[in-house]
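Following: one structure in structure tokens, then a few remarks.
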Amino acid sequence: LEAARADLASIRATSEALLRDIYGSEPVVYDPSAWSSYIMTTSLEENVVLVQGSEAGYSLAVAGQQGDARYAAFGFNLLVSFANGEQADYRASFERLLAWQLGGSADSDVPESASVGLVSIGWDHGTVAGWLEAEYPGWQLSTCDDAATFSECLVAQDLVVVGAQGAAEDAEALATAVDEALSGGVALIFVHTETWATSARASSPRSAPVSC
């Protein structure tokens, strides 16, 4: 029992430290929209709840680290929301989250150059790509939607942005590719792109202990 209490205290301390790094002393202002899904957290040890969604414990956004890979997951397409001029109050927090994912410290600057792969974003691919290009002009974007080259494309990136749209029969191949990318230390952002609907790809980042 004492060991369990010590473990929980350690987990809580780690979570609080990351939340302080990302949010500081500022209030968290996050509008999930009417279409946000919950992010199902399956590992207290690896995940930190970024935005709590209900008293039952479901979260709207989480972050975590697995080996050298740092990941975040959002229950709706936050990047499209940014592109539409929304979520202004969350923009600085997201910047610090990106800095942590790509550099290990929320106090560092987001790298001016990075290789970024987009996969399964679906009908909002152009909007997401356009926003990233405008905000981070030094980043090199790649589209990684060809199932035959999922792994080759994803492991070559510094950051992968994963959505939930695409053929169900390719979900296993995507899961394997995400596995390999995370094992190689590639940062990952999952954005749920299926409104309230579920899809085989929404749970494909199986190495990151989260699902939608």
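The values are calculated or read from the model by the stated rules, or taken from the named source; none is laboratory data. Everything numeric here is computed off the predicted structure, so don't read it as measured data. Cβ placement follows ideal geometry from the backbone for every residue including glycine, while neighbour counts extend to all protein chains displayed. Quick note on the areas: whole protein, heavy atoms, side chains included, nothing else; ligands and nucleic acids left out. Shrake-Rupley method; radii C 1.70, N 1.55, O 1.52, S 1.80 Å.
Could you please let me know if SER115 is modelled with pLDDT of 95 or more, polar (S, T, N, Q), farther than 23 Å from PHE76 by Cβ and touching a Ser or Thr at 6+ places or on another chain (Cβ under 9 Å)? Yes: the conditions hold for SER115. Please specify each residue of region 1-60 satisfying the condition of being in a loop (DSSP other than H, G, I, E, B), modelled with pLDDT of 60 or more and not small (Gly, Ala, Ser). Hits for region 1-60 are GLU26, PRO27, VAL28, VAL29, TYR30, ASP31, PRO32, TRP35, TYR38, GLU46, GLU55, TYR58.
When the helices (runs of 4 or more DSSP H) confined to region 104-201 are screened for residues that are in contact (Cβ under 8 Å) with a residue 40 or more places away in the chain and within 21 Å of VAL51 (Cβ to Cβ), those reaching at least 2 such residues are found at 125-135. Scan region 87-97 and give yes if some residue there is assigned to a loop (DSSP other than H, G, I, E, B), over 24 Å from LEU154 (Cβ atoms) and either of a type in the set (Lys, Arg) or in contact with a helix residue (DSSP H, G or I) (Cβ under 8 Å, 6 or more places away or on another chain) (or both), otherwise no. The answer is yes, given that some residue of region 87-97 is assigned to a loop (DSSP other than H, G, I, E, B), over 24 Å from LEU154 (Cβ atoms) and either of a type in the set (Lys, Arg) or in contact with a helix residue (DSSP H, G or I) (Cβ under 8 Å, 6 or more places away or on another chain) (or both). Pull up region 58-83, narrow it to residues that are in contact with a His (Cβ under 9 Å, 6 or more places away or on another chain) and more than 21 Å from ASP158 (Cα to Cα), then point me to the one that is least open to solvent (accessible area, probe 1.4 Å). Result: GLY75. Comparison of LEU141, LEU132, LEU154 shows that the only residue that is open to solvent by less than 40 Å² (accessible area, probe 1.4 Å) and closer than 18 Å to ALA69 by Cβ is LEU154.
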